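None of the figures in this text is laboratory data; all of them are computed from the coordinates on show. Given the structure is predicted, the values throughout are model-derived calculations rather than measurements. Cβ atoms come from the backbone with ideal geometry, glycine included; neighbour counts cover every protein chain shown.
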């Protein structure tokens, strides 16, 4: 009587696979859709999903070895420069006028960094295609949902869901959509699904065309330009993008003196943007010594309400970085950004155009008006980084050894 085949079933491995799948569904599908209607969707769902990935990794041990991976991360120039930014932010608590608020913001920043490192170490060394295909599905679902909200102006909870004071909720969701579409497109292109990648990009573009404001559409357009340029010039474009972004951060105090005359000529001297540049000029010239140390963490946001700086002061990374952290923080951030852009996608060349597009879109969003330390924005950036790392770890091919007929015939 033949014996029944023996199958080894490990409940722990099955549980880890289930937890990992739920974590990726939360990151790739639920969060992009929920972000269209929930203001705090990113800051709530991201830690939960990453915690599930960490738990799954602890159960089955399918992630990379912690010591080599963490050593490689901690020794990278981009990480060290970013650590210097955080260290200088902590030191700036000595002279910030908003100590309690700045301390809370710094702790949130450190917690976001630790969450990102934990997610990075918990990602499997080889990502399953079934998990990564959830990413374009989630992006497409979120884009279609955003299109429905934009066309009707109504949500699932009744009439007038998108009131005038809630437009920023949709903007947050669309910003997440912009940062997620590039790794999704990169994944589809790496699998030879160029038609699906183009269709996904078109659906996201339609969602942004009917959005309340032009910010997201401009960011997507510049990202698309960076994608196209990198596809044709994969070596020179990352260098150009890294140099431009770093130069803009370093030259922050000089920018209003260059941009204001141009803006006044094009839009008139009383245009809101031109007046904002004028306020920036006044701040630079009135306190030149503060350009070295900065005013301390949280002063760019809270200072508007205590007459520390004008209400029409710019809400942009280029201004807030220099105003809060001064020369040390700005140069460290510029070096970190330059190193990160130059390094992105080195292990998989097919991902370089998408990585450059994501960097360009994120930088434009930060410069147009998101600011520097808004927590939902920092969490969105952290999750976008983890998504790209996951896509990069899915770039492996299993090849069968080629059979040689001639040696076999000779041996016979």
With R₀ set to 22 angstrom, the calculated FRET efficiency between the beta-carbons of residue 67 and residue 126, to the nearest 0.05, is 0.70
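Using the scaling law 2.2 N^0.38 Å as the reference, what is the normalised Cα Rg of segment 237-296?
Compared with the compact-globule rule of thumb, segment 237-296 sits at 1.32.
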Taking max minus min of the Cα coordinates of segment 1-120 on each principal axis, largest first, gives extents in Å of 84, 40, 21
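If packing is taken as the average number of other Cβ atoms within 10 Å across a peptide's residues, how do 248-261, 65-78, 301-314 rank, most packed first?
Packing proxy ranking, top to bottom: 248-261, 301-314, 65-78.
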Per the rule of 0.36 nm per residue minus the C-alpha distance, extending residue 91 to residue 194 adds in nm 32.2 nm
Length gained if residue 108 through residue 285 is fully extended, taking 0.36 nm per residue and subtracting the Cα-Cα distance, is 60.5 nm
The whole-number value in µm²/s of the Stokes-Einstein translational diffusion coefficient for segment 174-328, with Rh from the Kirkwood sum over alpha carbon pairs at 37 °C and 0.692 mPa s, is 181 µm²/s
Burial-style ranking of 335-343, 103-111, average other-beta-carbon count within 10 Å with highest first, yields 335-343, 103-111
Note: segment 74-129 at 25 °C, 0.890 mPa s; Kirkwood Rh on alpha carbon pairs; Stokes-Einstein D in µm²/s works out to 187 µm²/s
For the chain (alpha-carbon point model, no solvent) the Debye-based log₁₀ I(q)/I(0) at q = 0.14 Å⁻¹ works out to -1.38
Once the mean of 1/r over all distinct C-alpha pairs in segment 189-258 is inverted, the Kirkwood radius in Å reads 14.5 Å
Under the rule rounded for a/c under 1.5, else prolate if a/b exceeds b/c, else oblate, using alpha carbon gyration tensor axes a ≥ b ≥ c, segment 300-344 is classed as prolate
